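Q: Mind looking over this structure? Questions follow.
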Amino acid sequence: MSQPKVLFATNRSISREDLFSRAEIVSADLSRRAADLDREGRPPLAEIVKLKSSGLLNALHASEIGGGGLDWVDGLRLTRILARGESSVGQLLGYHFVNSQYVYWAFDEARARSLGAETTAKNLYWGAAVNPRDPGLVLTRRGSGYVLNGRKSFSTAAHISDYINANASLDDKIVGFAVPTNRPGYTANDDWDNFGQRLSDSGSVEFHDFPIYEEDFVDAPGKASPVLATFNTPLIQLVFVNFYLGTAEGALQAAIDYVKTTTRPWVTSGVERAADDPYILERIGEFTAALKASAALADAAATAVQTGLAKGHHVTERERGEAAAEAYAAKVHATHVSLDITSRVFELTGARSTAQRYRFDRFWRNVRTHTLHDPVFYKAKEVGEFVLNDRLPEVSLYS
């Protein structure tokens, strides 16, 4: 199948309308090619180039340095749009937003400004190697700096990242830092073989005497993180929410297109077109209502988190916890809705739609794979603890 080119002229100032228009164009192109992309399961190098040329990677950076100046509510909506076309690419855009914005919350102002300007000028893609259940990495002192050694079992955007946030143990403490991946000693492996999110480039990475310098550290080793720097967790959870919902929206749209063009009416339906079958109409109505409700909850949660972020270093632990609880409620709802819809769209399309050439199962496979990232019942428990016992979610890389 031919792959249509989606290229945009680079522009130092891109309007909100242009960014959303470009996201729709990129998403539509991905949707046309999604079955083939899923079948091939390769690192999405060409797709990241298209995101870079579209300006979408810089959507959340300040307009003064060439970004789009959007807030998180809009950024997460862009993630949802991209996921309609291809779930992994939506995930990658959302992850980049969190990883590239984290520098503004965790670094000192001068260093953050420098990294932000470099990111927009070079269209850098930001990944991460911070899975807390897989420590893996060790820093040791060498000369006037440090070297990093070890392996992370998986690191989303392993091949395509220009910069990564990472953490490692140093003197029995966990420290964080941000580094370019073009330094010597970084290796991305081709060992991502899961049945979903096949374009997320989530294989293992290894570091062999990878150099780390003092200016790379997010904070001085051992220094407590400010409340602002802990917003990365509710935001990454909202990235999950939005690419789950985008994936489910993509599944429903694919089913609707198939019903209009291919599905045959059932023999006892009494109608000439599948599109007039009352049971198909009822399910489309139910699925649409569920998605609209979950998207509204997601947007409300994004607004709550954005409000907390806008307070900068004045934001309190309580305000962070309340915003996080909103995000986690959205996560619980989006998980159930997206799993339900991506598995049940076959009720609309029928037996012939299970042919391998369509790969309609990719929508469910993608959501099912990633919703296991952290158990949703623990998110529901955190929401329940907050509502019933007024206990704020514990601050961690999962909550």
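The values are calculated or read from the model by the stated rules, or taken from the named source; none is laboratory data. This one's a predicted model, so the numbers in the text were calculated from it and none came from an experiment. Neighbour counts run over all protein chains shown; Cβ positions are idealised from the backbone, glycine included.
Q: Can you confirm whether G196 is touching a Lys or Arg at 6+ places or on another chain (Cβ under 7 Å), outside the structural domain of I48 (by TED's automatic domain parsing) and within 30 Å of D36 (Cβ to Cβ)? Talk me through it step by step, then tell me what you get.
A: On the way: touching a Lys or Arg at 6+ places or on another chain (Cβ under 7 Å): yes; outside the structural domain of I48 (by TED's automatic domain parsing): yes; within 30 Å of D36 (Cβ to Cβ): yes.
The answer is yes for G196.
Q: Let me ask another. Is there a residue in region 288-295 that is of a type outside the set (A, V, I, L, M), crowded, with 16+ Cβ neighbours inside 10 Å and touching a residue at least 60 places away in the same chain (Cβ under 8 Å)? Reasoning before the result, please.
A: Initially, region 288-295 is screened for residues of a type outside the set (A, V, I, L, M), giving 288, 292, 294.
Then drop every residue that is not crowded, with 16+ Cβ neighbours inside 10 Å, which leaves 294.
Pick out the ones that are also touching a residue at least 60 places away in the same chain (Cβ under 8 Å) and you get none.
No, region 288-295 has no match at all.
Q: Now a separate question. So, in region 143-193, of the ones that are in a loop (DSSP other than H, G, I, E, B) and of a type in the set (G, A, S), which residue ends up farthest from S114 (Cα to Cα)? Break it down stepwise before answering.
A: Taking region 143-193 and keeping what is in a loop (DSSP other than H, G, I, E, B), we get 143-144, 153-162, 171-172, 181-185, 189-193.
Now drop any that are not of a type in the set (G, A, S), which leaves 143-144, 153, 155, 157-158, 161, 185.
Numbers: G143: 26, S144: 23, S153: 31, S155: 25, A157: 23, A158: 24, S161: 18, G185: 24 Å.
If we take residues in region 143-193 being in a loop (DSSP other than H, G, I, E, B) and of a type in the set (G, A, S), then S153 is farthest from S114 (Cα to Cα).
Q: Follow-up question, since we're still on this one. If you take the residues of region 300-314 that are surrounded by 18 or more Cβ atoms within 10 Å (Cβ to Cβ) and not β-branched (V, I, T), which of them is nearest to the chain's Cα centre (by Cα)?
A: At the first step, the residues of region 300-314 found to be surrounded by 18 or more Cβ atoms within 10 Å (Cβ to Cβ) are 301-302, 304-306, 308-309.
Adding the requirement that they be not β-branched (V, I, T) leaves 301-302, 304, 306, 308-309.
Numbers: A301: 16, A302: 14, A304: 19, Q306: 17, G308: 20, L309: 19 Å.
Ranking the candidates gives A302 first.
Q: Quick one: in region 243-284, which of the residues that are of a type in the set (K, R) and part of a helix (DSSP H, G or I) is surrounded by the fewest Cβ atoms within 10 Å (Cβ to Cβ)? Lay out the reasoning, then the answer.
A: In the first step, residues of region 243-284 are kept if they are of a type in the set (K, R); the result is 260, 264, 273, 283.
So of that shortlist, the ones also part of a helix (DSSP H, G or I) come out as 260, 283.
Values: K260: 11, R283: 18.
Here the answer is K260.
Q: Which residues, counting only those in region 102-139, are out of contact with any His (no Cβ under 8 Å at 6 or more places or on another chain), in a helix (DSSP H, G or I) and polar (S, T, N, Q)? I'd like the intermediate steps shown before the answer.
A: Restricting attention to region 102-139, the residues satisfying the condition of being out of contact with any His (no Cβ under 8 Å at 6 or more places or on another chain) are 102-115, 117-118, 121-124, 128-139.
From the residues that got through so far, the ones that are in a helix (DSSP H, G or I) too are 102-106, 109-115, 117-118, 121-122.
Passing the criteria: only S114.
Q: Go through region 347-374 residue by residue and tally those that are under 17 Å from the mean Cα position of the chain (by Cα) and part of a loop (DSSP other than H, G, I, E, B).
A: Residues in region 347-374 being under 17 Å from the mean Cα position of the chain (by Cα) and part of a loop (DSSP other than H, G, I, E, B): 3 in total.
Q: Yes or no: D216 touching a strand residue (DSSP E or B) at 6+ places or on another chain (Cβ under 8 Å), free of Cβ contacts under 8 Å to residues at least 40 places away in the same chain and either surrounded by 16 or more Cβ atoms within 10 Å (Cβ to Cβ) or not assigned by TED's automatic domain parsing to the domain that holds A330 (or both)? If you could, list the steps in order and put the result at the bottom.
A: On the way: touching a strand residue (DSSP E or B) at 6+ places or on another chain (Cβ under 8 Å): yes; free of Cβ contacts under 8 Å to residues at least 40 places away in the same chain: yes; either surrounded by 16 or more Cβ atoms within 10 Å (Cβ to Cβ) or not assigned by TED's automatic domain parsing to the domain that holds A330 (or both): yes.
In short, yes.
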